[in-house]
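The values are calculated or read from the model by the stated rules, or taken from the named source; none is laboratory data. Since this is a predicted model, take the numbers as computed values, not measurements. Methodologically, a virtual Cβ is constructed for each residue, glycine included, from the backbone with ideal geometry; neighbour enumeration extends over all protein chains shown. These area figures cover heavy atoms from the full protein model, side chains too; ligands, DNA and RNA do not enter into them. Shrake-Rupley method; radii C 1.70, N 1.55, O 1.52, S 1.80 Å.
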Amino acid sequence: MDVQFLGGAREIGRSAVLIDDSLLLDFGMDSGNPPSFPIDDVDPEAVVVSHGHLDHVGSIPALLSGDARPPIHWTPPTYDLAMVLARDTLDLHGGTYNCPFTEAELARVAQVSETHGYRDPFRAAGYEITFFDAGHVPGSAHVLVDDGRTRLLYTGDFHTEDQQLLSGTTARPDADAVICESTYSDVSRPPREEIERAFVDSVETTLWEGGTVVVPAFAIGRTQEVLGICEEYGLECYVDGMGKRVTELFLREENREFLRDPNLLRRAKGNARFVDGRDGQRERIAEQNAVIVTTSGMLHGGPAMTYVPAIRTHPTNKIAMTGYQVEGTPGRELYETGSAVIDGRSMRVSAQVEQYDFSAHADREGLLEFLESYADASILVNHGDRCEAFADELRREGVDAVAPSLGDRRTL
């Protein structure tokens with residue numbers, strides 16, 4: 001089995017892996033400034049997608065240019081999320097370098113889409129493919145590729161600890177080789193319950209003191225996770241941005257089975273008040289003693305551009321970050337310096353700024369625990385900013401591990 005890394009090697013973003021020049025696993029984009037895309041000299045017979053985050057699905061419609069019509073295989077939630085993200089990319093950047101596909105190519109995605117559940121084998125480009133629950137976001141999958149001689153497990157992104165929205169992955173299918181993500185290979189987190197409790201205690205303190213809490217959150221997974229926490233601990237909240245639509249997608253009948261507890265998300269939705277942003281609604285909400293969960297998670301844009309300036313001057317107020325803040329983003333700048341360029345304006349923020357690690361990726365202990373099941377397999381480390389270092393650590397423990405570079409081919 002020949003494996004080529006078209007993206008995601010020694011980096012986070014634009015994940016894409018090509019098997020025997022015929023089967024493509026993921027085709028994402030790096031949404032940095034400027035954005036970057038996978039090596040695109042590819043004409044696969046079929047495409048298999050691990051999950052619906054931009055760095056794994058962001059360039060998918062571009063595969064349908066010209067006469068190319070490869071079938072695209074994914075779970076129902078991943079299909080729904082991919083379509084939402086592609087539409088958003090087109091609306092924001094259509095016709096520019098920042099969008100690698102056209103309206104016509106997006107329309108073709110539905111024509112070639114084939115959805116599958118977990119542990120239900122199917123055929124693609126001559127391989128037997130099986131999805132296993134990866135515990136990352138709803139519909140996320142480990143992808144097992146079997147050509148009859150070699151079994152390759154592509155982990156995608158995964159989490160081994162239970163979240164509000166999902167149970168941690170317990171799948172450990174037999175494999176001869178594993179392509180393993182390594183995003184948090186140098187991070188050890190406290191138990192999830194401790195992080196949730198610290199977040200809730202901080203939010204409650206601010207509310208008791210009469211302040212407003214803005215919670216920037218990624219639309220996919222993180223917004224719903226925070227809603228679940230608010231429901232569990234009795235915190236009423238407003239919800240704004242793309243997370244509103246994604247919450248509705250997850251509650252569709254065909255997607256509910258991919259949730260740990262659909263009733264929890266339904267209750268969480270009922271506990272929240274959804275914002276449409278009309279007639280100055282956001283400005284009025286920002287003046288209330290309230291919790292506001294809103295995109296974007298790194299303060300790139302979205303309704304957060306209204307809420308953060310509105311609450312920034314009062315030290316009783318709080319901005320509670322819930323996701324990793326990439327270097328160079330306004331969220332990272334704000335957390336480190338207390339000021340940032342928000343919606344094109346440089347502003348000092350007197351409100352408190354806090355960070356809570358609600359990541360949906362396995363931490364170091366989770367990665368090592370997962371890989372214990374593959375001590376005799378070949379491990380290809382990708383999707384991280386320290387892939388080489390993690391591969392070196394695994395080799396010192398006697399594991400056959402490497403960190404391929406962009407464009408590398410490996411024979412398994």
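A few notes on this one:
- Residue count for the range 8-22, restricted to those that are closer than 20 Å to Leu85 by Cα and either of a type outside the set (A, V, I, L, M) or in a loop (DSSP other than H, G, I, E, B) (or both): 5.
- Matching residues, the range 16-28, being touching a residue at least 60 places away in the same chain (Cβ under 8 Å) and in contact with a helix residue (DSSP H, G or I) (Cβ under 6 Å, 6 or more places away or on another chain): Asp26
- So Glu283, is it at pLDDT below 95 and in a helix (DSSP H, G or I): yes
- Considering the conditions (1) closer than 21 Å to Glu248 by Cα; (2) in a helix (DSSP H, G or I), Val137 is excluded by exactly one of them, (2).
- Subset of the range 140-174 [buried (at least 19 other Cβ atoms within 10 Å of the Cβ) and on the phi > 0 side of the Ramachandran plot]: Gly156
- Elements of type strands (runs of 3 or more DSSP E) contained in the range 37-126, each with 3 or more residues being open to solvent by less than 50 Å² (accessible area, probe 1.4 Å) and closer than 26 Å to Gln4 by Cβ: 46-48, 72-74
- For the range 375-390, the criterion of being open to solvent by less than 30 Å² (accessible area, probe 1.4 Å), at negative phi and either out of contact with any strand residue (DSSP E or B) (no Cβ under 9 Å at 6 or more places or on another chain) or among the acidic types (Asp, Glu) (or both) is met by none of the residues.
- Within the span defined as the range 42-60, every residue fails to be on the phi < 0 side of the Ramachandran plot and free of Cβ contacts under 8 Å to residues at least 24 places away in the same chain.
- Among the residues of the range 23-36, the ones that are open to solvent by less than 50 Å² (accessible area, probe 1.4 Å), assigned to a loop (DSSP other than H, G, I, E, B) and in contact with a Leu (Cβ under 7 Å, 6 or more places away or on another chain) come to 3 in all.
Conditions tested, residue by residue: (1) touching a Gly at 6+ places or on another chain (Cβ under 7 Å); (2) of a type in the set (D, E, K, R).
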| position | (1), (2) |
| --- | --- |
| Val215 | no, no |
| Leu259 | no, no |
| Leu264 | yes, no |
| Arg284 | no, yes |
| Ile292 | no, no |
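- Residue within the range 293-308 that is under 17 Å from the mean Cα position of the chain (by Cα), open to solvent by 40 Å² or more (accessible area, probe 1.4 Å) and either polar (S, T, N, Q) or under 22 Å from His361 (Cα atoms) (or both) present: yes
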